[in-house]
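**Q** Below is the structure I would like to discuss, written out as structure tokens.
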Amino acid sequence: MTLNINSPVSIVPLIGPRYERILAKLDIFTVKDLLYHFPSRYEDYSKIVKTKSARVGEVVTVIGEIKEARNILTKNRKRITKVLLSDETGEIQAIWFNQYFLSGVFKNIPKLSLSGEVSFFDRDKALISPEYEIVRAQKLIHTGRLVPIYPETRGVSSKWLRGRINYVLNSVSLNDQFPQNLLKSQNLIPLENALNQIHFPKSLEEVKLAKERFAFEEVFELILKAEVKKLNRESLRSKKAFKLFEEEVGKLIESLPFKLTFSQENAVSEIISDLTKEKPMNRLLQGDVGSGKTVVALIASFLSYLNGSKVIYMAPTEILAKQHFETFKEYLDPFKIKVSLTTSSKKGDLSADINIGTHALLFNKKEAVNAGLIIIDEQHRFGVLQRGQLTKSEDGSAPHVLTMTATPIPRTLALTIYGDLDISTLSELPEGRIKVTTWVVPKEKREGAYTWLKTKILNASSTQKAFIVCPLIEESDKESMENVKAAASEFKNLSNGILEGVKTGLIHGKMKAKEKEGVIENFSKGDLKVLIATPVIEVGLDITDATIIIIEAAERFGLASLHQIRGRVGRSDKKSYCLLFTESQNDSVLKRLKALETTHNGLKLSEIDLKARGQGDVFGVRQHGIVNFKVFNPSDFNLIKRTKSAVLNILNNPKENSNLIDQILKQGRISQT
């Protein structure tokens, strides 16, 4: 098979079935994926010196002949491999520990290049555990230059990746999807140059130029796809342009036991305006935890009912679907509106005015397609194909679509990810909500915190309840996870230990729906006082008596995820607390967590994480449909603006740019929303 950019990665020499499986963990499946597996940093081994000029404390590269290579067993039983490297100015020793095989590697080789920091060994200058490379005719890739260090996984090192990437760059033919006029107008370097410069740069300036190219490419692909989706949707007509029914909608709003916030009123106004148009609505409602998105969706659903159109409301979990069903029933029963619930464990009545459910709703596509309004809650949790099933129509018409998310996404990033959607934002919390007091709790104060929790819960006059959140269901044997408290294990330890005598329950994602419902019902009624959970509670639970939440191994979560989990408490006028447990003593980790003590705005927290840890952590654990940028900095609004202008220019000349448009629409490494 000929090697080309779209070939499976297994076609590359030295990549057999074993390495193919390992590379899959890094999302590398094709030759293109391998080339787009960019370095996370570079080691500067570019200072090449003679052995005599090597100074202690400097990071250098020396090249010479091997005068001696032998294994030594010291008096202290240490296994050492010692190499004496010489050039015309002198010699220097290199030392490796517990790597006896190297003496065999260094036999009968003409020249060796070593890179590392110069120090002392047995009072002589030495390189301790340096990078090594056998010098042949080709260029150096592991030493003597800026050396790329890649994201790795067990079984694949940066050195191995460098070798395979270098082979591919020297073997594959690269066709740039961007035409010359676009590269010139955007001051970008060609693809072949960019790939060589990002993997094997001669200077950091070359890295900068390569990253500019790939950042533009990532944003260009995303915006072009969004704009094409937008154009396609604009060609559709809505199932029905709704009438206003101002008086009736006003009566519903007046009947609510609370006053809408200013931003809720704005969002309702924007949504109603969309619903009255011939063009189908395609709007994203973004709001912080507890900001009242469900009520806005309820008002939109009420208007759909008044216009004789059915509503499909799709929630990501059965817990959340049932909660929304109960909320809709409570506020809409006085208006004689029929609301139904459909989940994998409960068959609903699809003839109802409003049908709320999980992905089980997809099994009846006809009813979904005939709906006038479709609401998708936490839309990134559904795959692109799942959402497509809800909005497809054979007659060229489309329902109005309202998607909602509590994931706090900085506006520049939201405009990029959701470029085909209009955006409404809920920026305030309802009246009467008290900010959740948040503390970062170090290891030595952990036991005291649990004693405080027990006192609060067992107080005779107390109706308070508490959550304890752990990241995993079962103990992990991986070293990097050794400090993670698994929910099942924690439940056993706490209920038999410090929380003995407190009615404690357990809930996690692997439980059956009926089991979860039973636990939640017992917790709601007060039969359980403490609920130990995995992050399944991040979405869905609304227990007003829950006033304390403890999050174990908090450093493992992004700030936005922690903020969402914290949102499970503080949902009433009762004083609430969030305790962030961590065993980390890293100053930057503690500083990041302490931001939650003073900041209660999800958008601000996501921006802090964006700067501190990168865009992947805005969303916490990787989620389906969420873009994972490799190079693009989502806070670069100028690049978004410039790229969008370029995309619109391309789309305004579709005949001239048909190849580019088709190429990008058919492929792309970026996961789509």
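**Q** Go through (1) modelled with pLDDT under 90; (2) within 16 Å of residue 453 (Cα to Cα); (3) in contact with a Pro (Cβ under 7 Å, 6 or more places away or on another chain) one by one and return the number of the condition residue 490 breaks.
**A** Of the numbered conditions (1) modelled with pLDDT under 90; (2) within 16 Å of residue 453 (Cα to Cα); (3) in contact with a Pro (Cβ under 7 Å, 6 or more places away or on another chain), the odd one out for residue 490 is (3).
**Q** Ok, one more. Restricting to the range 333-352, give me the number of residues that are without any contact (Cβ under 8 Å) to a residue 60 or more places away in the chain and surrounded by fewer than 21 Cβ atoms within 10 Å (Cβ to Cβ).
**A** Of the residues in that region, 12 qualify.
**Q** Please go through the range 254-279 and pick out each residue that is part of a helix (DSSP H, G or I), of a type in the set (Ser, Thr, Tyr) and closer than 23 Å to residue 309 by Cα.
**A** 255, 269, 273
**Q** Looking only at strands (runs of 3 or more DSSP E) that fall completely inside the range 1-117, which ones have 1 or more residues that are farther than 28 Å from residue 154 by Cβ?
**A** Passing ranges, in order: 59-73, 79-87, 90-97.
**Q** Could you list, in sequence order, all residues of the range 19-37 that are of a type outside the set (Asp, Glu) and without any contact (Cβ under 8 Å) to a residue 60 or more places away in the chain?
**A** Correct list: 21, 24, 28, 29, 30.
**Q** Oh, and also: Check 64, 90, 57, 104 and return the single one that is buried (at least 17 other Cβ atoms within 10 Å of the Cβ), not hydrophobic (A, V, I, L, M, F, W, C) and not assigned by TED's automatic domain parsing to the domain that holds residue 211.
**A** 64
**Q** Which residues, taken from the range 1-49, are surrounded by fewer than 14 Cβ atoms within 10 Å (Cβ to Cβ), over 28 Å from the mean Cα position of the chain (by Cα), aliphatic (A, V, I, L, M) and over 30 Å from residue 112 (Cβ atoms)?
**A** 1
**Q** Looking at the range 348-406 only, could you name the residues that are within 19 Å of residue 229 (Cβ to Cβ), at pLDDT 80 or above and outside any strand (DSSP E or B)?
**A** The one that is within 19 Å of residue 229 (Cβ to Cβ), at pLDDT 80 or above and outside any strand (DSSP E or B): 399.
**Q** Given the structure, is residue 53 in contact (Cβ under 8 Å) with a residue 60 or more places away in the chain and not charged (D, E, K, R)?
**A** no
**Q** If you don't mind, another one. Of the conditions (1) free of Cβ contacts under 8 Å to residues at least 24 places away in the same chain; (2) acidic (Asp, Glu); (3) buried (at least 16 other Cβ atoms within 10 Å of the Cβ), residue 420 fails just one. Which one is it?
**A** (1)
**Q** Take residues that are of a type in the set (A, V, I, L, M), at pLDDT 85 or above and buried (at least 24 other Cβ atoms within 10 Å of the Cβ) and tell me which of the strands (runs of 3 or more DSSP E) falling wholly in the range 519-606 contain 3 or more.
**A** Qualifying strands (runs of 3 or more DSSP E): 530-533, 546-551.
**Q** Could I ask something else about it? Across the range 271-288, which residue is surrounded by the fewest Cβ atoms within 10 Å (Cβ to Cβ) among those that are in contact with a strand residue (DSSP E or B) (Cβ under 8 Å, 6 or more places away or on another chain) and farther than 17 Å from residue 374 by Cβ?
**A** 278
**Q** Based on this model, can you work out whether residue 452 counts as free of Cβ contacts under 8 Å to residues at least 24 places away in the same chain and either in the same structural domain as residue 285 (by TED's automatic domain parsing) or farther than 19 Å from residue 291 by Cβ (or both)?
**A** Answer is yes for this residue.
**Q** What pairs come out if I take residues in the range 217-236 that are over 23 Å from residue 400 (Cα atoms) and pair them with residues that are at pLDDT 90 or above and part of a helix (DSSP H, G or I) whose C-beta lies under 7 Å away, six or more apart or interchain?
**A** So the pair list comes out as 219/639; 219/643; 220/643; 220/646; 220/647.
**Q** May I pose another question? Out of 561, 588, 584, I need the residue that is farther than 22 Å from residue 455 by Cα, among the small types (Gly, Ala, Ser) and in contact (Cβ under 8 Å) with a residue 40 or more places away in the chain. Which one?
**A** Being farther than 22 Å from residue 455 by Cα, among the small types (Gly, Ala, Ser) and in contact (Cβ under 8 Å) with a residue 40 or more places away in the chain holds for just one of 561, 588, 584, which is 561.
**Q** Only one of (1) touching a residue at least 40 places away in the same chain (Cβ under 8 Å); (2) outside the structural domain of residue 661 (by TED's automatic domain parsing); (3) not small (Gly, Ala, Ser) fails for residue 182. Which number is that?
**A** Result: residue 182 passes all but (2).
**Q** While we're here: I'd like the residue in the range 67-79 that is more than 18 Å from residue 131 (Cβ to Cβ), in contact with a strand residue (DSSP E or B) (Cβ under 9 Å, 6 or more places away or on another chain) and not charged (D, E, K, R) and, out of all such residues, is surrounded by the most Cβ atoms within 10 Å (Cβ to Cβ).
**A** The selected residue is 71.
Yes or no, residue by residue, for (1) outside the structural domain of residue 515 (by TED's automatic domain parsing); (2) surrounded by fewer than 24 Cβ atoms within 10 Å (Cβ to Cβ); (3) closer than 17 Å to residue 361 by Cβ; (4) in contact (Cβ under 8 Å) with a residue 40 or more places away in the chain:
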residue: 290; (1), (2), (3), (4): yes, yes, no, yes
residue: 293; (1), (2), (3), (4): yes, no, no, yes
residue: 300; (1), (2), (3), (4): yes, no, no, yes
residue: 310; (1), (2), (3), (4): yes, yes, yes, yes
residue: 319; (1), (2), (3), (4): yes, yes, yes, yes
residue: 327; (1), (2), (3), (4): yes, yes, no, no
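**Q** Filter the range 542-559 for residues that are at negative phi and touching a Phe, Trp or Tyr at 6+ places or on another chain (Cβ under 8 Å) and give the result.
**A** Within the range 542-559, 543, 546, 547, 548, 549, 550, 551, 552, 554, 558 qualify.
**Q** Please go through the range 124-165 and pick out each residue that is surrounded by 16 or more Cβ atoms within 10 Å (Cβ to Cβ), within 17 Å of residue 202 (Cβ to Cβ) and of a type in the set (S, T, N, Q).
**A** Of everything in the range 124-165, just one residue is surrounded by 16 or more Cβ atoms within 10 Å (Cβ to Cβ), within 17 Å of residue 202 (Cβ to Cβ) and of a type in the set (S, T, N, Q), namely 143.
**Q** Inside the range 146-230, counting only helices (runs of 4 or more DSSP H) that do not spill past its ends, which hold 3 or more residues that are hydroxyl-bearing (Ser, Thr, Tyr)?
**A** Filter on the range 146-230 gives 158-171.
**Q** Select from the range 185-212 the residues that are over 13 Å from residue 148 (Cβ atoms) and in contact (Cβ under 8 Å) with a residue 60 or more places away in the chain and write down the one among them that is surrounded by the most Cβ atoms within 10 Å (Cβ to Cβ).
**A** The extreme case among them is 186.
**Q** Hey, another quick one. What pairs come out if I take residues in the range 128-150 that are assigned by TED's automatic domain parsing to the domain that holds residue 69 and pair them with residues that are exposed (fewer than 15 other Cβ atoms within 10 Å of the Cβ) and in a loop (DSSP other than H, G, I, E, B) whose C-beta lies under 6 Å away, six or more apart or interchain?
**A** 134/109; 135/111
The values are calculated or read from the model by the stated rules, or taken from the named source; none is laboratory data. Keep in mind that this is a model prediction, so the values were computed, not measured. With ideal geometry, Cβ positions are generated from the backbone for all residues, glycine too; neighbour counts draw on all protein chains shown.
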